[in-house]
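Input: a single structure, listed below in structure tokens.
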Amino acid sequence: MLTEHNIAFSRSTRIFSAGLLLGIAFLSGCASISEQNAVKLATSGKSASSSALSTIFATDSEYESAMEAEVFFHSYAGVGTPSELLDDWQQVKTELDARKAVFSRLTTVYAAFGDLASSTAPEEIMSAIDDFYTALYNYSALVTTARPLVPESTSVVVGNIASQLLTVRKGRLIRQSSVIIRQQLECLLLLLDNKLVQEEMTSFQENLRASRLNASRLLMKNDLLDPSPMLNDLAADSGFKAVSDARSIIMTSAPLKRGVDGVMAFRIQHYNAGLEQRGYTSTRQALRALIDEHKKLEKGEPVTIDELQQIVNELHSISNLLSGRNQ
Amino acid sequence: MSPQKKQSAAREIQSVVIDGNLELAEALAALNAAAQAATAALPDALMKCETDEEMQTVIIQRDTCLLAYLSCMKKTLAHTGPYFESLAKDLEATSKKVKADAASLQTAHDAVTLLTKLTSLVGSLVLAFV
């Protein structure tokens, strides 16, 4: 029930709350954080870090295949594979795998950042305060028949103030988190830019691949590989396919054998050559792009993730190519 | 060159050498190239061998190159590994902080919701004793 007291109280509360809301808006600063941009950045960051993880580290299957290649070479030569060699391979792999923790934790950080940016607490608190007012009003009606303890209009005002305060707080927390994440990305980029680190990360994958590919070459030289898929590729424009006994025909013709051996050796040498370096370069580009987007977010500028998305797509395709060789 | 410039240049070179990163990177790159070349030469070399002894000599020579590369890798990883460990720890701390920040936003809402429930409960109790 609205009485003169309530009306006066409501008016003064409204004036006070308007002033308070203006003050909150002023304190929130001119460069306000865009929560939507923060969510976009969190999603891209998560995608980039998990793609990098699957690109610049050798998978277990790549490693195991390379070790089988080592065993094949040594058994072919009539010697056992030296345990020192296998132990050294394993030790190096273990040390490098430990670095995966950096990228997996970066993925977790971005997941948490996304949760923070998409928190609906500022919106929810308005309805929570409204519910509280209703409960309070109902209670006060039970204990007294006089005017309500709190005028109805107050809950709307209080709800708005609480929502604004939480919004400002959320924006501040998002900015703080963005700064910390960006600084750690800068540290990671500094590490990956280091020539020694780059040589470590890429050379290991390259040597594993060299073992696998050259085991294939030894099989090919001993006529144990079926050249039909390669012949089909060569004839693809004509629409024809290799005959079923292509291999036995090739074995009886020295020029054909030389031709086929040459193409297979070329393929083995050049197929997906440099993929490890490309993956590493793309990872560094992704980190640079993420750092730039964080700076934009912190300045209140629009976040444009198109370039970052292209780099992440490149990482995905490199990762697929790398994993495709071991399916 | 002035004495000051000479001193500055000497300090710069010294820092690179003492830091060791440049020399280690170059050494690793050279050993990597040698290991890959030895592996690439292995199929042809094995095919040319006529006896088991010749094949064993070939594979031992190749293994020597590969072991040199892996030995250098172990040394460099001991040098660079701690930087990654430290960064991983920092990222874990950041993850915890950001999660706590998100939870703190929810706390105010939860506090109000709890108060609402308590008020409703009190109201129900009042009714029960009327």
As a test question: what accessible area, to the nearest 10 Å², does residue A:143 have when a 1.4 Å probe is rolled over all protein chains in place? 80
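Which net charge results for the neighbourhood of residue A:297, defined as the other residues with beta-carbon distances under 14 angstrom from its beta-carbon, given Lys and Arg at +1 and Asp and Glu at -1?
Working: positive: A:40, A:170, A:172, A:175, A:182, A:295, A:296, A:299; negative: A:35, A:292, A:293, A:298, A:301.
Net charge around residue A:297: +3.
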When only the heavy atoms of the protein chains count and the probe is 1.4 Å, how do B:67, A:188 rank by accessible area, highest first? B:67, A:188
Total charge dipole magnitude, chain A, about the Cα centre, Cβ charges on Lys, Arg, Asp, Glu only, Debye to nearest 20: 700
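Which number do you get for Rg(Cα) / (2.2 N^0.38 Å) in the range B:36-130? Each step should come with its number before you reach the end.
On the way: Rg = 34.4 Å, N = 95, 2.2 N^0.38 = 12.4 Å.
Normalised Cα radius of gyration, the range B:36-130: 2.77.
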Over the heavy atoms of residue B:51, what accessible area does a 1.4 Å probe trace out, to the nearest 10 Å²? 60
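Leaving ligands, DNA and RNA out of it, report the carbon-plus-sulfur percent of the accessible area of the range A:167-272 at a 1.4 Å probe.
Working: 3110 of 5260 Å².
Heavy-atom surface of the range A:167-272 belonging to carbon and sulfur, 1.4 Å probe: 59 percent.
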Excluding ligands, DNA and RNA, what is the accessible area buried between chains A and B, summed over both sides, using a 1.4 Å probe, to the nearest 100 Å²? 5800
Helix A:152-193 axis, angle to chain A major axis (alpha carbon atoms, nearest 10°): 30
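Only four residue types carry charge here, +1 at the Cβ of Lys and Arg and -1 at the Cβ of Asp and Glu. Report the dipole size of the range A:149-289 about the Cα centre in Debye, rounded to the nearest 20. If you can, show how the numbers build up before the last one.
On the way: 18 positive and 13 negative charges, 70 e Å.
Computed charge dipole of the range A:149-289: roughly 340 debye.
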Roughly how tilted is helix A:195-221, in degrees to the nearest 10 and between 0 and 90, from the longest Cα axis of chain A? 40
For the range A:147-222, listing trypsin sites (Lys or Arg not before Pro) in a DSSP loop whose Cβ sees at most 15 other Cβ atoms within 10 Å gives none
Taking a probe of 1.4 angstrom, what is the accessible area of residue A:104 in Å², to the nearest 10? 50
Given a 1.4 Å probe and heavy atoms of the protein chains only, how would you sort A:317, A:244, A:51, largest accessible area at the top? A:244, A:317, A:51
Can you list the GluC sites (Glu not before Pro) in the range B:24-74 that are in a DSSP coil and have 13 or fewer other beta carbons within 10 angstrom? B:50
Taking Cα atoms, how many degrees apart are the long axis of helix A:60-76 and the longest axis of chain A, rounded to 10 and kept between 0 and 90? 20
Overall Cα dimensions of the range A:266-327 - principal axes, largest extent first, Å: 51, 18, 14
Anisotropy class of the range A:158-260 from Cα gyration tensor, a/c 1.5 cut: prolate
Rg(Cα) of the range A:210-258 divided by 2.2 N^0.38 Å? 1.25
Relative contact order of chain A, pairs being alpha-carbon contacts under 8 Å that are 6 or more residues apart, as %: 33
With R₀ set to 30 angstrom, the calculated FRET efficiency between the beta-carbons of residue A:267 and residue B:51, to the nearest 0.05, is 0.45
On a 1.4 Å probe surface of the protein chains, which of A:179, A:243 comes out largest in accessible area, and what is the full order? A:243, A:179
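Once the Cβ-Cβ distance between residue B:33 and residue B:111 is put in as r, and R0 is 51 Å, what FRET efficiency do you end up with, to the nearest 0.05? If you can, show how the numbers build up before the last one.
On the way: r = 64 Å, r/R0 = 1.26.
So, using R0 = 51 Å, E works out to roughly 0.20.
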Rounded to two decimals, what is Rg over Rh for the range A:63-125 when you use alpha-carbon atoms and the Kirkwood radius? 1.46
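Regarding chain A, what's the average projected area of the Cα-atom convex hull, expressed in nm²? Display every interim value, and only then the final one.
Working: hull surface 111.2 nm².
Seen from a random direction, the Cα hull of chain A projects 27.8 nm² on average.
The values are calculated or read from the model by the stated rules, or taken from the named source; none is laboratory data. Please read these numbers as outputs of a predicted model, since none were measured by experiment. Because the Cβ atoms are built from the backbone with ideal geometry, glycine has one as well, and the counts that use them run over all protein chains shown. The area values use the complete protein model at the heavy-atom level, side chains included, leaving out ligands, DNA and RNA. Shrake-Rupley method; radii C 1.70, N 1.55, O 1.52, S 1.80 Å.
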